[in-house]
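Colleague: Okay, handing you the structure first.
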Amino acid sequence: MAKKTKTDDKSINLDNILFNCRDILRAARNSGSFFEKRDTMLTLVFLRFIGEKYEDGIEKLRGTLIEQGLDPNDENIRAAFFDDATFTDGTYNLPPEARWSTIINTPAPQLNVALDTALHSIATGSKELKGCFVEGTFTSRNLGANDIKKLVDEVNKISHKTFGEEKDLIGRVYEYFLKEFAINSSKEEGEFYTPHDAVQLIATMIEPFDGTLYDPCCGSGGMFIQSADLVKSKQGNLNSINVYGQEKDATTYRLAKMNLALRGISHNLGETNDSSFTHDLHKGLYFDYIMANPPFNLKGWYDDNLKNDSRWSDYETPPESNANYAWVLHMLSHLKPKDGVAGFLLANGALNDEDTVNIRKKLIENDKIEAIIVLPRELFITTDISVTLWVLNQNKKGGDYHGRKLRNREHEYLFVDLRTWTDNPVKNEGKKKVRLDTNQIEKAAEIYHVWQSEGTDGSRYEVPELYRSVNIDEIEEHHWALTPSKYIEFIDHDLDIDYPKEMARIQKEMKDLLVTEKESQKMLEDAFKGIGYGIE
């Protein structure tokens with residue numbers, strides 16, 4: 001076997017491929033603005049992925065026919081099964097002109113026309129895929145034959161066979177272009193692609209396994225895709241969850257539609273792109289779960305028509321200068337009143353800013369907030385902002401939840417500090433970047449789930465420098481601040497915390513408490529039976 005060269009390694013590195021594409025577009029005549037370059041790339045990647053999925057589907061179909069003793073090369077078999085192929089896994093049947101095999105073999109001078117022909121064919125042939133892209137993208141830009149050919153050849157290297165079926169590759173391409181070209185937003189305002197591990201953490205904690213899932217600022221659809229992956233890993237049935245979302249930016253809206261369509265995820269993103277604040281496309285709907293990563297510290301969100309909006313009529317109008325609490329109240333208004341659960345990211349400033357203290361106080365008094373988890377600062381590639389995961393829960397009274405028995409947690413709040421979880425550096429990034437691995441995500445979710453569960457004593461649930469459960473009185477003493485460091489004990493950093501030992505201690509206490517409660521109940525029942533009474 002030939003030894004791999006450094007060039008071979010580079011050829012399958014996604015960032016290297018995208019870097020080459022960026023350079024081609026920068027040098028090309030007529031490549032347009034940043035947004036037009038991004039549209040060109042994302043549309044090409046979409047055609048590549050939908051074409052690859054079709055080819056995979058045809059190969060699977062051939063294999064199935066052979067297993068059934070049929071010859072896939074027989075003319076009658078081909079006419080019956082391949083000419084108008086149907087698939088059950090979200091794969092779309094493509095006419096010859098829309099297939100990637102056709103595109104990649106088209107001569108360079110004809111590529112712009114061929115690409116737009118493919119887009120038109122897909123848009124007219126599929127209601128689900130219509131609106132995922134702008135028709136005429138390539139002929140309107142009219143890149144030089146050599147430039148468009150080089151671009152198509154680079155995109156041809158981006159394959160799920162190479163990079164893994166489980167990865168959100170369209171989202172990763174989107175993230176790359178945000179990182180490299182984003183010139184319209186400051187570090188504290190605008191679009192940020194949510195890292196895979198942050199989404200996985202939210203999904204693992206709130207467990208959106210069935211019912212309805214909503215994201216009011218869905219971006220490229222990454223929240224839905226990672227949640228779908230979790231559903232498949234736990235249950236294997238995507239039909240058990242219905243996805244709803246909204247996105248303001250037209251390009252990103254189309255991107256989300258194409259991303260979800262490629263995954264075969266049924267979705268309702270509204271008829272068009274629009275603002276969740278000024279034109280709520282899902283007004284009046286309530287959802288089982290909400291997952292979101294709203295734009296941090298968004299300015300310019302306010303409109304005079306929003307002053308007496310029903311979403312904050314029970315609280316007060318969020319400040320015009322910052323949309324953080326507008327997002328919180330918007331999401332709360334869409335949660336099912338009896339048992340809806342939301343997990344979302346906000347900049348840390350929302351934990352303790354003075355101009356929203358009255359809203360925060362009422363959220364706490366109304367017992368809507370359940371957990372606050374501060375994340376490592378270096379999780380995001382496209383921003384240095386320190387970020388917190390919030391969990392809202394409409395039912396803290398306890399009961400059954402996904403096979404777990406939950407205790408009454410009214411007016412108890414869990415604070416978790418993960419800022420020191422920075423031991424997984426990510427290579428090949430221009431700045432310091434870390435990730436949370438699967439074990440860390442499961443550990444964080446376990447802290448939350450054990451705290452929720454029957455048998456846990458919230459007044460004693462803590463590990464210094466990691467987590468602590470507090471009641472509403474203590475939060476009031478701290479003037480309604482939700483900053484975890486105000487509640488979690490911090491000790492000498494040279495001291496080692498034996499996390500497994502601490503969790504084992506807490507779980508043992510839970511079991512012991514349950515045994516004691518059962519024994520007490522039995523003694524009480526026996527005592528009453530002795531005097532002729534029964535206990536219901």
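Readers should treat all values here as calculations from the given coordinates under stated rules, not as data from a laboratory. All of these numbers come straight from a predicted model, not from anything done at the bench. No Cβ is skipped: glycine too gets one built from the backbone with ideal geometry, and neighbour counts run over all protein chains shown.
Colleague: Among K127/K161; K405/K508; K130/K248; K60/K130, which pairs are too far apart, with a Cα-Cα distance over 20 Å?
Modeller: K127/K161; K60/K130
Colleague: Let me ask something additional. Starting at the first residue of the stretch 209-223, write each ³J(HN,Hα) from the Karplus equation 6.51 cos²θ - 1.76 cosθ + 1.60 with θ = phi - 60°, in whole Hz, x for Gly and Pro.
Modeller: 8, 8, x, 10, 10, 10, 9, x, 9, 6, x, 7, x, x, 4
Colleague: Set the Förster radius R0 to 51 Å, insert the Cβ-Cβ distance between E320 and E489 as r into 1/(1 + (r/R0)^6), and round the FRET efficiency to 0.05.
Modeller: Taking R0 as 51 Å, the efficiency between E320 and E489 is 0.85.
Colleague: Applying the Karplus parametrisation 6.51 cos²θ - 1.76 cosθ + 1.60 with θ = phi - 60° to the phi angles of the stretch 67-73, what ³J(HN,Hα) value in whole Hz is obtained for each residue in order, glycine and proline being reported as x?
Modeller: Each residue's phi maps through the Karplus curve to give 4, 8, x, 9, 9, x, 8 Hz.
Colleague: Follow-up question, since we're still on this one. Counting DSSP beta bridges in the stretch 181-497, what percent are antiparallel, to the nearest 5?
Modeller: Restricted to the stretch 181-497, the bridges split so that about 55 percent are antiparallel.
Colleague: State which entries of K53/K234; K37/K150; K338/K397 exceed 18 angstrom in Cα-Cα distance in the structure shown.
Modeller: Over 18 Å Cα-Cα: K53/K234.
Colleague: Here is a further query. Please list the non-local residues whose amide H lies under 5 Å from the amide H of K397, H modeled 1.01 Å from N, same-chain partners needing a gap of 5 or more.
Modeller: Counting only residues 5 or more places away or on other chains, the set is R409.
Colleague: For the stretch 433-450, what does the Karplus curve 6.51 cos²θ - 1.76 cosθ + 1.60, with θ = phi - 60°, yield as ³J(HN,Hα) per residue in whole Hz, taken in order and with x for Gly and Pro?
Modeller: 8, 10, 9, 8, 7, 4, 4, 5, 4, 5, 5, 4, 5, 5, 4, 5, 5, 5
Colleague: Okay, next question. 5 Å is the cut-off here: which amide hydrogens, built 1.01 Å from N in the peptide plane, fall below it relative to F287, excluding neighbours closer than 5 in sequence?
Modeller: Close amide H contacts, sequence-distant or interchain: L335, K336.
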